[in-house]
Amino acid sequence: MERVAYYETKLGTLLVGCDGDAVTQLCWVDEPALPGDPTPLSDRAAEQVRRYLGGERRAFDLPLAPRGTDFQHAVWQALRRVPYGATTTYGEIAAALGRPAAARAVGAAVGRNPIWLAIPCHRCVGKDGALTGYAGGLERKAFLLALEQDRNAP
């Protein structure tokens with residue numbers, strides 16, 4: 001049974017969903033929809049997010065169990081390979097998956113990512129480098145990309 005908990009961060013209210021020993025959701029919400037039920041894992045996830053947002057962490061060390069189709073899982077795995085401070089495009093992910101004509105399907109899978117930051121969908125930009133949609137809002141996406149680029153600078 002999934003349990004959710006809410007935590008305040010510099011980018012708003014973070015929802016962390018856990019099912020057993022894995023994180024199933026990690027996203028920002030406007031306001032909690034349910035009462036929170038924190039677990040040691042949700043507390044650990046929230047602390048890692050806070051440290052990431054503070055520039056103290058570049059990667060997440062959490063067991064992840066996002067729910068999705070095989071194709072979505074393949075896209076999410078590709079996102080996890082995008083290095084901190086780098087970006088990719090839907091087309092590049094589609095090509096890496098051996099499906100160069102599937103850029104739109106990749107975009108749909110990116111949009112269904114339930115574990116933001118740990119599966120870094122914010123690193124996906126338009127083919128011209130422009131910011132594209134982000135379920136957390138373009139302002140958050142711009143913040144995250146700037147944070148990573150600043151921390152990656154020599």
Name the most mobile residue of THR88, THR69, THR132, meaning the one with the largest mean-square fluctuation, in a Gaussian network model of the chain with Cα contacts below 10 Å. THR69
Among VAL16, VAL49, VAL125, which one shows the biggest mean-square fluctuation in a GNM of the chain, springs joining Cα atoms closer than 10 Å? VAL125
Heavy atoms only, probe 1.4 angstrom, no DNA, RNA or ligands counted: give me PHE71, PHE143 ranked by accessible area, highest first. PHE143, PHE71
For segment 84-151, which GluC sites (Glu not before Pro) are in a loop by DSSP, counting at most 10 other Cβ atoms within 10 Å? none
Excluding ARG151 itself, calculate the net charge of residues whose Cβ lies under 14 Å from the Cβ of ARG151, where each Lys or Arg counts +1 and each Asp or Glu counts -1. +1
Carbon and sulfur together cover what percent of the accessible area of segment 95-148 at a 1.4 Å probe radius? 56
Just name one of TYR7, GLY55, GLY133: the one whose Cα is farthest towards the positive end of the charge dipole of segment 1-153 (beta-carbon charges, Lys/Arg +1, Asp/Glu -1). GLY133
Where the chain is the region considered: accessible area per residue in Å², 1.4 Å probe: 52
Cβ-Cβ cut-off under 11 Å around GLY54, Lys and Arg +1, Asp and Glu -1: the net charge is +3
Rounded to 10°, Cα long-axis angle of helix 70-80 versus longest principal axis of the chain: 90
Roughly how far apart, in whole Å, are the Cα centres of segment 95-136 and segment 67-94? 6
Local charge sum around TYR90 (other residues, Cβ-Cβ under 9 Å, Lys/Arg +1, Asp/Glu -1)? +1
Express the carbon and sulfur contribution to the solvent-accessible surface of segment 21-70 as a percent, rounded to the nearest whole number, probe 1.4 angstrom. 48
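Given 0.36 nm per residue, what is the gain on full extension from ASP61 to TYR84 after removing their alpha carbon distance, in nm?
That works out to 6.9 nm of additional length.
The values are calculated or read from the model by the stated rules, or taken from the named source; none is laboratory data. For clarity, every value in this text was computed on a predicted model and none was experimentally measured. Ideal geometry is used to build each Cβ from the backbone, glycine not excepted, and the neighbour counts take in all protein chains shown. SASA here: full protein model, heavy atoms, side chains in, ligands and nucleic acids out. Shrake-Rupley method; radii C 1.70, N 1.55, O 1.52, S 1.80 Å.
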